[in-house]
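Student: To start, I am sharing the structure in question, which I have written as structure tokens.
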Amino acid sequence: MNFERDNIRKMDGYAAGEQPEDEQTIKLNTNENPYPPSPKVDQTIKHLAGADLRRYPPPTALAFRSLAASIHNVGTENIIATRGGDELLRLLLTTFADPSDVITMSEPTYSLYKVLAQIQDCQILSIPLIDGRVLPADFADQANAAKAKLTFVVNPHAPSGHLTSAEKIRELASSLNSILLVDEAYVDFVDPQLGYNCIDMINEFDNLIFLRTLSKGYSLAGLRFGYGIGHASLIQPMMDKTRDSYNLDNFSQQIAHAALSDQAHARETWQKVRQERSRLSGLLSQLGLVSEPTETNFLLCQVQQWCGISAENIYLALKQNKVLVRYFSAPGLTDKIRITIGTAEENDQLIRTLREVLANN
Ligand SMILES: Cc1ncc(COP(=O)(O)O)c(C=O)c1O
């Protein structure tokens, strides 16, 4: 007997990024921050005790939410803390979308959106991006025509790294009839000189919510902690009804609080990533792996014909030489590899290995 629901039986699950098989492998495939988290995180961990787990954790993560609210200059009622940004995505679907409702997303995008929409048995409207990067002008019109309930836009975009302007986000929020989730998983790496900041817009639009995560900017992918910033009317049903009653354990709430409280440390890592980003993209393009401008901590590199080797074979050869990068077999991406910005040493090792791979081809 197969007891799965029909839609679950028909779908594939999310494919998590590969894990290295040994300590020597350089991991540049899942967009983690290459620098360690704040020293305050280590201090907090040192003071954790098993006895602290006897009681249930603070149910609403109030201390973390108050801190996040003060950093973003919004009210505590505008913040929900979640087990990774991924839990927020799941909550949005289970709270606001009925089975068979339409969920809009771009093509390509973060592949978990589709998986979560399939779990909820929703219909998916995938709108192709121009050159795989830019939202088409009629994006909102297409979503409205399909009567979409929820729209997922990732900004800066994954996997291209392209930043959609704040003006365009405002225009989308105001013209969409659906909820708009702007997934800002990589926003910490945006060049501050661009002045991109959309959070204030939650006071203007009751259909707007942002996803933030501590996995990237705060070097805590292993912790599983993220949060949503949105209009109180969107936050409240998730806080009070659909969230697990204790969705965040006691230890992770304390660790996340420590990391978020050390903005200076986090900002330093973001700046180092930006510096390495421009150095690495220059070195890679000389070798024929050319990327468009990115505001994230990764580069989507197109392998030039003159390299005489496919993107997939570069990925495989790098892997054999203990450097993990990401290859997608999806349409529009088969001539590209995505490379997470590592430390200067890791990036140098990547370049050395790539030179050997290309020379031996
Ligand atoms: C675009 C995007 N959104 C959201 C997430 C979720 O991050 P997490 O669940 O680790 O907070 C990721 C993780 O890779 C991502 O790439």
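Each value in this text was obtained by applying a stated rule to the coordinates, not by laboratory testing. Every value quoted in this text rests on a predicted model; they were computed, and no experiment measured them. Heads up, the Cβs are rebuilt from the backbone with ideal geometry, glycines too, and the neighbour counts pull from every protein chain shown.
Student: Give me the lysines in straight-line cross-link reach of Lys40: C-alpha distance below 20 Å, same-chain residues under 8 apart excluded.
Tutor: List returned: Lys216, Lys272.
Student: If R₀ is 45 angstrom, what is the calculated FRET efficiency for the pair Ala145 and Gln19, using the beta carbon separation as r and rounding to 0.05? The partial results should precede the final answer.
Tutor: Values: r = 42 Å, r/R0 = 0.93.
Using R0 = 45 Å, I get an efficiency of 0.60.
Student: Assuming 0.36 nm per residue, please report the length gained on full extension of the stretch Ser70 to Leu283 beyond their Cα-Cα distance. Show your work: numbers first, answer last.
Tutor: Details: separation 213, 0.36 × 213 = 76.68 nm, distance 4.00 nm.
Taking Ser70 through Leu283 to full extension adds about 72.7 nm, to one decimal.
Student: Suppose R0 equals 45 Å. What FRET efficiency, 1/(1 + (r/R0)^6) with r the Cβ-Cβ distance, do Ala49 and Asp98 give to the nearest 0.05? Don't skip to the end; give the middle numbers.
Tutor: Numbers: r = 45 Å, r/R0 = 0.99.
For R0 = 45 Å, the calculated efficiency reads 0.50.
Student: Something else now. Search the structure for amide H atoms under 5 Å from the amide H of Thr82, placed 1.01 Å from N in the peptide plane, and list their residues when 5 or more places away or on another chain.
Tutor: Under 5 Å from the amide H of Thr82 lie the amide H atoms of Gly226, Tyr227, Gly228, each far enough along the sequence or on another chain.
Student: Lysines near Lys319 by alpha-carbon distance under 22 Å, same-chain residues fewer than 8 away left out - which ones?
Tutor: List returned: Lys27, Lys336.
Student: Multiply the residue separation of Asn197 and Gln263 by 0.36 nm, subtract the distance between their alpha-carbon atoms, and state the gained length in nm to one decimal.
Tutor: Numbers: separation 66, 0.36 × 66 = 23.76 nm, distance 1.64 nm.
Between Asn197 and Gln263, full extension yields 22.1 nm more.
Student: Order of 329-336, 114-121 by packing, highest average Cβ count within 10 Å first?
Tutor: On the way: 329-336: 14.0, 114-121: 19.2.
Highest to lowest by the protection proxy: 114-121, 329-336.
Student: To continue, here is another question. Quickly estimate the mean residue ellipticity at 222 nm for the chain, helices only: each DSSP H run with n ≥ 4 gives -39500 (n - 2.57), and the total goes over all residues, rounded to 500. If you can, show how the numbers build up before the last one.
Tutor: Working: 12 runs with 130 residues, N = 361.
It comes out at -11000 deg cm²/dmol, rounded to the nearest 500.
Student: Kindly list the residues of segment 153-193 that lie in the label zone of Ser233, defined by a backbone N under 16 Å from the point 7 Å along the Cα-to-C-beta vector.
Tutor: What the label zone holds, given the 16 Å backbone N cut-off, is 173-181.
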